[in-house]
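Written out below as C-alpha cells is the structure these notes cover.
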Amino acid sequence: MDLLSDLSLGFSVAFTLNNLFYCFIGVFVGTAIGVLPSVGPLVTIAVLLPLTFGLPP
C-alpha cells in the first residue's frame, strides 16, 4: 500500500496549477521555437536554459 500512497502523492504534486502552468508554457514555447527553420533542440535548450535558474527546485 505504500506504493499507492507514494503514487498518489506524486500525482497530487504534478497536477498543481503552478506545475501545469509551467508545463503549458514549456510546450507552447517548445512548439513555437520548433517550427522555426534551422533552430533545433540543442539551440532551444541553450537559449531557454537561463530561464530555469530562477525557478525553485
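Here are some notes:
- Selection from region 13-51 of residues that are open to solvent by less than 70 Å² (accessible area, probe 1.4 Å) and polar (S, T, N, Q): Thr16, Asn19, Thr44
- From the options Val27, Val39, Val47, residue that is among the β-branched types (Val, Ile, Thr), on the phi < 0 side of the Ramachandran plot and assigned to a loop (DSSP other than H, G, I, E, B): Val39
- In region 32-57, the residues that are hydrophobic (A, V, I, L, M, F, W, C) form Cβ pairs under 8 Å with partners that are in a helix (DSSP H, G or I) and open to solvent by 100 Å² or more (accessible area, probe 1.4 Å), at six or more places apart or across chains, as follows: Leu55/Tyr22.
The values are calculated or read from the model by the stated rules, or taken from the named source; none is laboratory data. Given the structure is predicted, the values throughout are model-derived calculations rather than measurements. Counting neighbours? That spans all protein chains shown, and the Cβs are built from the backbone with ideal geometry, glycine included. SASA here: full protein model, heavy atoms, side chains in, ligands and nucleic acids out. Shrake-Rupley method; radii C 1.70, N 1.55, O 1.52, S 1.80 Å.
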